[in-house]
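Chemist: There's a structure below that I have some questions on.
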Number of protein chains: 2
Amino acid sequence: MNITIIGLGLIGGSLALDLKKTRFATKITGVETSKENADEALKLGIADEILELGPALKNADLVILAIPVDKILELLPEVLGKIPENATVTDVGSAKRKIAEAVKNHPRRKNYVPAHPMSGTEYSGPSAALPDLFKGKITIICDQNDCGPQHLALAEKMFHLIGMDIAYMTSDEQDLSTAFVSHLPHAAAYALANAVQSKENRNIIFDLASGGFRSTVRLAKSSSSMWHPIFQQNNDYVVEALEVYIKHLESFRDAIKNGNSDELLGLIENATKIRSILDGENHSLIKNEETNVKLYTK
Amino acid sequence: MNITIIGLGLIGGSLALDLKKTRFATKITGVETSKENADEALKLGIADEILELGPALKNADLVILAIPVDKILELLPEVLGKIPENATVTDVGSAKRKIAEAVKNHPRRKNYVPAHPMSGTEYSGPSAALPDLFKGKITIICDQNDCGPQHLALAEKMFHLIGMDIAYMTSDEQDLSTAFVSHLPHAAAYALANAVQSKENRNIIFDLASGGFRSTVRLAKSSSSMWHPIFQQNNDYVVEALEVYIKHLESFRDAIKNGNSDELLGLIENATKIRSILDGENHSLIKNEETNVKLYTK
């Protein structure tokens, strides 16, 4: 199968490595606007060839958009317009409502399977690509009833082959959930990095930064070209998540400020319950009847 | 040398493992109020014997208090009163001003070397003890001019033997710096865990929690018995750090809410500068003339 990947960074490059290894792809064609990334991707064997968009779509069976969400929004209608009639298009964007809205009435809407594979690192570019990056992780597929069944099946098959389970939800549910579980932690880490850098001598931070500090601000190393448009596309839910977070920080601050020892202890003990979530081993939605979200495991 | 460790949890237990391995300790006597921890520590070979406080101090050359900071505050004057005349006492508490204040006029003040080895994990108890936990990390020694030179030398020798560099600062400087670099990240993680748990179905968090979420809230798994008293003892500086953090979160929220794209990009790009601090390899204070803090490397 001919697979065209638009954007050969961390996510596009890692997908390429897995899709070659599993032989799901017989040929990987890359589209990459950065000359440096294009050269690096060829050198690393991530893509077999790099072409301009038009020629890269001409013989594609499957097209994956692995570029920042503002670029997906811009390019997706054009990509749908240029693919062969039966080709499938999917993407990896972390925000989905605006993209779904942009192609709602596109004549090839059924060819598109909106996806969000939830895996990554804080690094970027083709050299950050890793084999098995997606193994054991979840991909969200949105608005599956708007996808043609063959296109949905092909995208599902690909995500299963690279080791992922699939959660189905609407674009709206995905944007709300990821606002809390992914976008908020990134905003929290960026603001923490800014707060500490605004107050402390960089040399002191450098020397005193223990493992705890490092893990909490790790996400602040994430690429601005990826995250800036995510916060903008998912602005209302991210603002909501930040409001909730600020409220909880204020409760924490007030409990300390007012010497309210019992309340402070209650807040800490409630927080530590996250342990049972984080230390669990198996996906739980499959056993769960409380939510609309359905899980499809390998 | 006979070393008595009061508290055989993560930090006390890890110290015991290293002090035995380096043969700095010929015998390790433990003091442990939890029967379960005491049994476990003996079984794991962390301590050679467990005694009551009085008998445990009687023949000690070096005493280490590795208990929560409220317990250090309570016990330190009594420990100083009961040790042999030439014995050295040190501790591992993460807040220092209140403890320094409590023993300021103690007749044995010179025997005490206030220390804060900056290493740990989010787990607790003797079974969480790890060899080499402190290797390559920094320990802060406070108010070194108030320590007797022999006592200071012995504590320094011990921290160097287990692989640590030493930063010297006043109790006040340590409480301010750790408020930003350690206490704030813990408060941020606890509040983030509370925020997400307040809004999201636990099953959804569980399934969608990617590596990014996990690392950002990891510290929220930390023991409340250790952290509750730290926030209380360092209350003014922790409140100050939380105020600064909330202000930076509000700027982030407002930039998103108001669609101020350039300002949002600026905030993200400033935050990503933390990379150069986090990805550095060597301690920097030794080359630094801007701060009072001095570093003593192995």
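A short reminder: the numbers here are calculations on the coordinates, not readings from a lab. Just so you know, these numbers come straight off a predicted model, no measurement behind them. Neighbour counts run over all protein chains shown; Cβ positions are idealised from the backbone, glycine included.
Chemist: Given (1) surrounded by 19 or more Cβ atoms within 10 Å (Cβ to Cβ); (2) of a type outside the set (Gly, Ala, Ser); (3) within 29 Å of A:Val92 (Cα to Cα), identify the lone condition not met by A:Asp236.
Modeler: Unmet for A:Asp236, out of (1) surrounded by 19 or more Cβ atoms within 10 Å (Cβ to Cβ); (2) of a type outside the set (Gly, Ala, Ser); (3) within 29 Å of A:Val92 (Cα to Cα): (1).
Chemist: When you go through A:Asn145, A:Asn203 one by one, which is the residue that is more than 7 Å from chain B (Cβ to nearest Cβ), over 16 Å from the mean Cα position of the chain (by Cα) and farther than 26 Å from A:Ala16 by Cβ?
Modeler: Numbers: A:Asn203 fails: more than 7 Å from chain B (Cβ to nearest Cβ).
It is A:Asn145.
Chemist: Assess whether B:Tyr237 counts as being more than 30 Å from A:Ile166 (Cα to Cα), among the aromatic types (Phe, Trp, Tyr) and within 7 Å of another protein chain (Cβ to nearest Cβ).
Modeler: no
Chemist: Residues of the range B:163-185 being farther than 15 Å from B:Pro114 by Cα, surrounded by 20 or more Cβ atoms within 10 Å (Cβ to Cβ) and touching a Lys or Arg at 6+ places or on another chain (Cβ under 7 Å), which ones?
Modeler: B:Met164, B:Phe180
Chemist: Examine the range B:206-225 for a residue that is touching a residue at least 12 places away in the same chain (Cβ under 8 Å), assigned to a helix (DSSP H, G or I), more than 7 Å from every other protein chain (Cβ to nearest Cβ) and closer than 21 Å to B:Pro117 by Cα, and state whether such a residue exists.
Modeler: Checking the range B:206-225: at least one residue is touching a residue at least 12 places away in the same chain (Cβ under 8 Å), assigned to a helix (DSSP H, G or I), more than 7 Å from every other protein chain (Cβ to nearest Cβ) and closer than 21 Å to B:Pro117 by Cα.
Chemist: Against the definition (within 14 Å of chain A (Cβ to nearest Cβ), more than 20 Å from B:Val63 (Cα to Cα) and not hydrophobic (A, V, I, L, M, F, W, C)), how does B:Ser127 come out, yes or no?
Modeler: Values: within 14 Å of chain A (Cβ to nearest Cβ): no; more than 20 Å from B:Val63 (Cα to Cα): yes; not hydrophobic (A, V, I, L, M, F, W, C): yes.
No, not satisfied.
Chemist: Here's another thing I want to ask about it. Among the residues of the range B:249-281, how many are facing another protein chain (nearest Cβ under 7 Å) and in contact (Cβ under 8 Å) with a residue 12 or more places away in the chain?
Modeler: Total meeting the criteria: 3.
Chemist: Here's something else I'd like to know. Restricting to the range A:32-74, count the residues that are crowded, with 18+ Cβ neighbours inside 10 Å and more than 18 Å from A:Leu10 (Cβ to Cβ).
Modeler: Adding up the residues that qualify gives 6.
Chemist: In this structure, does A:Ile268 turn out to be in a helix (DSSP H, G or I) and either of a type in the set (S, T, N, Q) or crowded, with 24+ Cβ neighbours inside 10 Å (or both)?
Modeler: Yes; evaluated as a whole, the condition is true for this residue.
Chemist: Which of the residues that make up the range A:101-123 are surrounded by fewer than 20 Cβ atoms within 10 Å (Cβ to Cβ) and closer than 25 Å to B:Leu208 by Cα?
Modeler: Scanning the range A:101-123 gives A:Glu101, A:Thr121, A:Tyr123.
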